[in-house]
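Written below as structure tokens is the structure these notes are about.
The values are calculated or read from the model by the stated rules, or taken from the named source; none is laboratory data. Here the structure is a predicted model, which means the values were calculated and not measured. All Cβ positions, even for glycine, are placed from backbone atoms using ideal geometry, and neighbour counts span all protein chains on display. Quick note on the areas: whole protein, heavy atoms, side chains included, nothing else; ligands and nucleic acids left out. Shrake-Rupley method; radii C 1.70, N 1.55, O 1.52, S 1.80 Å.
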Amino acid sequence: MLISLTLFLILLILLKRQKKQLDKLRNRERMLNTTFDQSYQFIGLLDLEGKIIEINNAARGLVRKDIQDYRDRQLWDVSIFPDDRNLHQWTGEAVKQAQKGITSRKYIEMTPNRGKKIFIDMSVKPILDSRGRPVQIICEGRDITDREEALKLIENLKNSLKSIIDSMPSLLIGVDSGGRITHWNRAAEDRTGVTASEAENRDLYEVFPDFPLEREDLSGPLKENRLWSKRIQNKLNWLELSLFPLVGGTQGRAVIRIDDITEKVRLDELMVNNEKMVSVGGLASGLAHEINTPLSGIIQSADLIRRRLTDSSMTANIRSAEEAGTDMESLVRYMDARGIPGILQAINHSGIRAAAIIKNMLDFTRISDSSFRDCDITELIDNTLELARSDYDLKSKYDFKSIDIIRHYQDDLPPVPCKADKFQQVLLNIVKNAAQALSSRKDSSEPPRIEISLKTERKDLCLVIADNGPGMDEGVRTRVFEPFFTTREIGSATGLGLSVSYFIVTENLNGTISLESSPGRGAVFTIRLPLKQSTHDFKGEVDDEA
């Protein structure tokens, strides 16, 4: 009896423990089912043949509406993606891999029922028993459409930003606080020959050894994370460097922008020079008028002295000589013996020449109506050369008077319709450039020379201006008519003289201008002007001042 009671109690205890175990298993199963059904992922439990045992609520949304019972059927047969054969094939292959204990994974792009395209991260995994053998298969899918769209949006924004940065003419270089490159635009690639992929994460001065700023000068603004800008003269160019600290969680990073502002600097200098020239022009005009009055007095007085001392037929001269105890013959002999008539004549000639120079300067600086008029080109050339002879460049130390001017003018040249002031400006620019080139010659075996030839060729007037200067190479020759191009130091020339001359000849005078030159053989400018202009431009006869 006691044994039976003991066995009964043990059995009761075992039953209670079993019940508790079953309750735990049921609770765990309930929790697993709840998790299974409430998961946002698509989950399907398959047998080893790939037939459905169970799918969760999320996966049931991918079952076709005409399917009443999905169990014991192939997953693909009940899905809403019946047309994607590639996906069907991949799923079949993944089931075969799972039978071997191998997990398969694929990012899938699908369009359910011809609706909105979706992206799914899908995996097929084997469920193994205690011996590591596959007993079932679990298929999981996660909708990553939002993530893919966000990634595409980010990629589009990155591409748009890169396009914007690459389209800018400035060099844009992103750097961190240590000077390592984070961004590198196309202008930087073109400037250095280093691609963005080669430059990123490398030291700036390693990639860009010609960077126009010393490392210590750049490190200060980088560490202080402050806006900074500086102009730098680099050989023949002016550069503007700007450093912009990045904001918004990018502490210690910055963007360096490099702009070539040579043209801007030269334009600024040109504007200043233009203001100076306007002032100098007004001053020169006023001085010329002021000088003309005493100069006329000098010329007249010198002529009067000559007549009173050398004219022996003048009654007043004879009477004054007798009153002084001499006669005109003795006075004339004395004057001739001392060379005084020649001195007086030289004074007179110098005064007349000075007056001619002043007149040429006034004619050149005078504002004209810029209309075509019949002009004597030889006279315009001679007047311009006379004006150029009064020029002396203190910086280059060239003196126009030291240059031989050789003229070859065709006889009986006809009047040519021309804008006199424009033509003189072109000629003055060219001969001054020639004088500057001649001043830099290293070969002094022959004297500096400018030859000017003038003749008619068919319907054109041909003007050739040649010098025996150092000449220029092909790279310089092809660029001499470009605005702001100069081989002289920044600040010593604007690089506009020949470009303005080209514009005047081609646009204002309806002609052509060309250049031939090579190193050591000087330069030859050829200007051709039509002997006849259109009636729309032609204004008729030249006035007295032209």
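Numerical summary
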read-out: Ser534 vs. criteria out of contact with any strand residue (DSSP E or B) (no Cβ under 7 Å at 6 or more places or on another chain), modelled with pLDDT under 80, open to solvent by 40 Å² or more (accessible area, probe 1.4 Å) and among the polar types (S, T, N, Q); value: yes
read-out: Of all residues making up region 177-192, the number that are under 14 Å from Ile258 (Cβ atoms), over 17 Å from the mean Cα position of the chain (by Cα) and open to solvent by 100 Å² or more (accessible area, probe 1.4 Å); value: 1
read-out: Those residues of region 19-38 which are modelled with pLDDT of 75 or more and either touching a strand residue (DSSP E or B) at 6+ places or on another chain (Cβ under 9 Å) or hydrophobic (A, V, I, L, M, F, W, C) (or both), in sequence order; value: Leu22
read-out: Every residue from region 504-530 that is in a strand (DSSP E or B) and open to solvent by less than 70 Å² (accessible area, probe 1.4 Å); value: Ile513, Ser514, Leu515, Ser517, Ala523, Val524, Phe525, Thr526, Ile527, Leu529, Pro530
read-out: Some residue of region 19-39 being in contact (Cβ under 8 Å) with a residue 12 or more places away in the chain and either touching a Leu at 6+ places or on another chain (Cβ under 7 Å) or open to solvent by 90 Å² or more (accessible area, probe 1.4 Å) (or both); value: yes
read-out: Region 406-423: number of residues that are without any contact (Cβ under 8 Å) to a residue 60 or more places away in the chain and either open to solvent by less than 40 Å² (accessible area, probe 1.4 Å) or polar (S, T, N, Q) (or both); value: 2
read-out: Among residues of region 71-112, those that are farther than 21 Å from Arg142 by Cβ, at pLDDT below 75 and assigned to a helix (DSSP H, G or I), counted; value: 1
read-out: Candidates Leu46, Leu87, Leu75, filtered to the one that is within 60 Å of the chain's Cα centre (by Cα) and of a type in the set (A, V, I, L, M); value: Leu87
read-out: Residue satisfying all of: in region 193-235; over 22 Å from the mean Cα position of the chain (by Cα) and among the acidic types (Asp, Glu); least open to solvent (accessible area, probe 1.4 Å) among these; value: Asp203
read-out: Near pairs, Cβ below 6 angstrom, 6+ apart or cross-chain, from region 154-175 (touching a residue at least 40 places away in the same chain (Cβ under 8 Å)) to any residue that is part of a helix (DSSP H, G or I) and open to solvent by 70 Å² or more (accessible area, probe 1.4 Å); value: Leu171/Arg191
read-out: Residue identified as in contact with a helix residue (DSSP H, G or I) (Cβ under 7 Å, 6 or more places away or on another chain) and not acidic (Asp, Glu) among Gly141, Gly132, Gly174, Gly179; value: Gly179
read-out: Set Leu151, Leu128, Leu161: member being open to solvent by 30 Å² or more (accessible area, probe 1.4 Å) and in contact with a Pro (Cβ under 7 Å, 6 or more places away or on another chain); value: Leu128
